[in-house]
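Undergrad: Structure in C-alpha cells, see below.
Quick note: the coordinates plus some simple rules give every number you see, no bench work behind them. The structure presented is a predicted model; accordingly, all values stated were derived computationally and were not measured. All Cβ positions, even for glycine, are placed from backbone atoms using ideal geometry, and neighbour counts span all protein chains on display.
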Amino acid sequence: MARSIVSDWSQFKVAVRTQIAGYVQTSRFWIVFAIVLAIGGGISIAFMIKGGVFVHGAFGATATAYIAGLLGFVSFLSIVTGALFGGDAISTDFGTKSGFFTLALPVKRRILLGGRFVAAFLVSVLLLSIFYAFALFGGIYFYSFGTVPWFNLALAYLLDMLLLLGILAFAFCLSSVSKSPAIGLVVTILVLLVVFNIMDAILTALVGPVYILWSILYAAAAIPTTVEYGLAAGSPALWQSTIIMALYTVIFLAIALVLYDRQET
Amino acid sequence: MPSLEARHLTKQYGSFFALNDASFEFAGNGAIGYLGPNGAGKTTTLKMMTHLAHPTHGEAFINGIDVHVDPKRALWDVGTVIESPEPYPWQTGTAALEMVGDLRGMSRADTRARIRELTTELDLPPMERRTGKLSKGQRQRVVIAASLLSDPAIIILDEPTSGLDPAERIAIRNILLRLKKERLILMSSHLLSEVTEICDRAVFINQGKILLNDTVSAISSMYAETEVDVEFTEPIPAERFVALSGLADGVSLVEPTRFRITYDGREETRVAILRKCVDLGPVRSFAGATLTLEDAYMKLIGVDSRAGTMASTQGRT
C-alpha cells in the first residue's frame, strides 16, 4: 500500500475533527450545553412570565441592561467551557495509556495539540454563541430591534472570543501539570475561579489594581455592555484588555506546546 | 542502510541508567526478540525508538532518519504497540482505526477495506462499540490492528500478546510469522517460547546494558557447545557418575534415564565421556544438548528463583 507522507495541514484537520467528535461524544459538551440552556433559557422564560419586567432592580429596564445582565454570566461560562474543553488536553495523553496509541503515530505533536486547541475553541464558540443568541433574541423580543446595542454586543462577542482563547491557552498549559485528566479539569476551574480572584484581591489591596491578573482579564469581556453604566474601578481600557488576553493566549499556548513536545509517556 | 539503528542510546534519571549505551542495527526482513527481565530497559529502548521518550545521549534512526529530529518521517512506515496502548475510550474501534488511517494518509476506502481484512485476521471485537467498553484483550487486538493498518515495513512491538488468551496469542504469532517474511519486526516479550517460535535473532538486555545480540540458532549453539545429553535405557544411580570425574565439570539429572553433562567442549573429552557412559550402562542416545533460548536467557541473565529476583551475570556483547 504505497502512501506518500501527508501534509501537516491534513493531519491538523484530522486532529480537529477527532477532537470535536470527542467533545460531542462525551458528556462535557452536553454539560456546558445544559448550563447555557439553563441560564439563557431560564432568564428568558422568567422574562416571558413576568412580561418583560424583571422583579429585581434594573435588570430589565432597557435592552442594554437586559443584555448586560445576561452577559454577566459570560465570564463564568467561558471559564467552565475553557476548563472542560482544555483542562485535560495534555494530561489525556500522559495520564492515561492513550498517549502510547497516539503519540507513536507519524504526526508532529504540535500539530495534534494545535488541532485540539482549535477544536476546543470552535466548540466553545458554538456554545457561547448559543448563549449570545439568547441575549440577542431576548433583547429584540422583549424590547425592540432598534434598542439593541448592536455595536456593544458585537464588541462583547469579539472580546469574549479573545477571552476564550486566553482561558483555553491557560487551561491547556495547566493540563500538562497534572497526570490525571479529571484532576486537571478540577484544578483548572479552581485556579480560574478561586485562586486568581484571591490573588487579585490580595494584590489589589497591597498595591492597587494589577492588570495582568485574571479577574481583570475576564472582567474585560463585559466592558462593552457596561459602557452605559461606566467602567468598574480598576478595569483596564479596551486596548489593555485586548493586549492582556492576547498575551495570555500566546504565552500559555507556547508553554503548552513546548511542554507537550517534551513530555514523555 | 540499516532499517533500525540505535547509536549509544542512553537514558539516565539522576544517577540511574534505565538504558546505558545501547547500540544495535537491523536491516532486511525478519523478527528480532528483545529480551530481559522487568526493568531491564526494554520498553525504554522501544520508547526511544518511537519518539515516546527522549534519549539522554545517543541517537535512534529508522530508515536513516533520526527519530528525534524528524519523528514524522522516521515513523511514517512503522507500526507500533508500546506498553499496552489504549485508543481514546470514547472512540469506537472503527473510529480509532479511521483516525489512524487518516493520520497515515490512507484513503477512507483503503482504511475500511483494511479494517475488514484485519477483522477476519485478528477476530476483532464489535468495532462499533466504544473502545472504553471493550475487554483488555479486545482492546489489545484493536491496538494491534492499528499497528498493522497501513501495512508498515517495520513493526515495533512491546509485549504484543500481553493480555491475550492462548487462541489470540496463536493468531498473533501466526500473523507475525507471516509478516516477518517481508517485514522487519522488533518485539520485546517475556514469553521466550514465543520469541523462539517467531524470532530469528535475539537481543538480551539487563540493567540497561545489552548483553548479547545474535541469531537464535547461534545463541543456542553458543551455549550448547559445552553440554551433552546422554540417555540410558534404564535409570543409572547418580553416584556412578563419579567415574566421569576429571572429564565432566558437572552432571545434572534431566529425567530418570537422561543426564546433562557439562564438559570443557574439547572433542577428545567428549569421546572419553561417551566411552565412560557406555561403561555405566546401556546408552540409548548421546548428543549435544540443544539449549532453548530460555536456557541461554537463564545462563546469561541469571535467576534466583527462590528470591524471585534476577541478577546480571557477565555476558557477551
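Undergrad: With a 10 Å Cβ neighbour count serving as the proxy for reagent exposure, in which order, fewest first, do A:Tyr66, A:Tyr157 appear?
TA: A:Tyr157, A:Tyr66
Undergrad: Please arrange B:Glu255, B:Glu194 by counting, for each residue, the other beta carbons lying within 10 Å of its beta carbon, fewest first.
TA: The order, fewest Cβ neighbours first, is B:Glu255, B:Glu194.
Undergrad: Relative contact order for region B:225-293: what is it in percent, counting Cα pairs under 8 Å that are at least 6 residues apart?
TA: Computed over region B:225-293, the figure is 48 percent.
Undergrad: Please compute the net charge surrounding B:Gly250, taking Lys and Arg as +1 and Asp and Glu as -1 over other residues with Cβ under 14 Å from its Cβ.
TA: So the environment of B:Gly250 carries a net charge of -2.
Undergrad: I've got another one for you. With the crude spin-label approximation of a point 7 Å out along Cα→Cβ, what separation in nm comes out for B:Ala27 versus B:Arg129?
TA: My value for the distance between the label points is 4.6 nm.
Undergrad: Now, a different point. Could you tell me the relative contact order of chain B? Use alpha-carbon pairs under 8 Å, at least six residues apart, and round to a whole percent.
TA: The normalised contact order for chain B reaches 18 percent.
Undergrad: Per residue, how much space in cubic angstrom lies within the convex hull of the C-alpha atoms of region A:23-144?
TA: Residue-normalised Cα hull volume stands at 108 Å³.
Undergrad: Would you mind getting me the FRET efficiency between A:Val195 and A:Val24? Use the beta-carbon distance for r and R0 = 22 Å, nearest 0.05.
TA: 0.15
Undergrad: On a full-extension model of 0.36 nm per residue, what is the gain between A:Ala154 and A:Trp239, subtracting their alpha-carbon distance, rounded to one decimal in nm?
TA: Full extension of this stretch gives 29.0 nm more.
Undergrad: Then there is this: When chain B is treated as a GNM, springs tying every alpha-carbon pair under 10 Å, which of B:Leu157, B:Leu247, B:Leu191 comes out with the largest mean-square fluctuation?
TA: Residue with maximal mean-square fluctuation among B:Leu157, B:Leu247, B:Leu191: B:Leu247.
Undergrad: Quick one: which of B:139-151, A:8-20 comes out on top by average Cβ neighbours within 10 Å, and what's the full order, highest first?
TA: B:139-151, A:8-20
Undergrad: Hey, fewest Cβ within 10 Å first, where do B:Lys11, B:Lys133, A:Lys97 land in order?
TA: B:Lys133, A:Lys97, B:Lys11
Undergrad: Now, a different point. Other chains' Cβ within 10 Å of B:47-53 residues: what's the mean?
TA: 4
Undergrad: Report the net charge of residues surrounding A:Val16, where surrounding means a beta-carbon distance below 13 angstrom and charges are Lys +1, Arg +1, Asp -1, Glu -1.
TA: +1
Undergrad: For A:Thr265, what is the net charge nearby, where nearby means another residue's Cβ is under 10 Å from its Cβ and Lys, Arg count +1, Asp, Glu -1?
TA: Every neighbour counted, the sum reads -1.
Undergrad: Per residue of A:21-27, count partner chain C-beta atoms within 10 Å of its C-beta, then hand back the mean as an integer.
TA: Other-chain Cβ atoms within 10 Å of each residue's Cβ, averaged: 3.
Undergrad: If you line up the long axis of helix B:93-103 against the longest principal axis of chain B, both from Cα atoms, how many degrees apart are they, to the nearest 10?
TA: That works out to roughly 80 degrees.
Undergrad: In nm, give the distance between the simple-model label positions of B:Arg284 and A:Ile183, each being 7 Å from the Cα along the Cα-to-Cβ direction.
TA: 6.2 nm
Undergrad: Here's a follow-up. What list of ³J(HN,Hα) values in whole Hz, one per residue of region B:254-265 in order, does the Karplus curve 6.51 cos²θ - 1.76 cosθ + 1.60 (θ = phi - 60°) give from phi, with Gly and Pro shown as x?
TA: 9, 9, x, 10, 10, 10, 10, 10, 9, 9, 7, x
Undergrad: Also, I was wondering about something else. Send over the Kirkwood Rh of the protein assembly as shown, from the inverse of the averaged 1/r over different Cα pairs, rounded to one decimal Å.
TA: One over the average 1/r among Cα pairs gives 28.2 Å for the protein assembly as shown.
Undergrad: Let me ask you something else. Where the only charges are on Cβ atoms (+1 Lys, Arg; -1 Asp, Glu), what is the dipole of region A:8-262 about its Cα centre, to the nearest 20 debye?
TA: In debye, rounded to 20, region A:8-262 gives about 640.
Undergrad: Compute the Rg/Rh shape ratio of region B:1-50: radius of gyration over Kirkwood radius, all on alpha-carbon atoms.
TA: Taking Rh as the inverse mean 1/r over Cα pairs, Rg/Rh reads 0.99.
Undergrad: Still on this model: Over region A:8-262, what is the relative contact order in percent, taking alpha-carbon pairs closer than 8 angstrom and at least six residues apart?
TA: That works out to 28 percent.
Undergrad: Something else now. Evaluate peptide B:97-103: per residue, the Cβ atoms of other protein chains within 10 Å of its Cβ; return the mean as an integer.
TA: Going residue by residue through B:97-103 and averaging, the value is 5.
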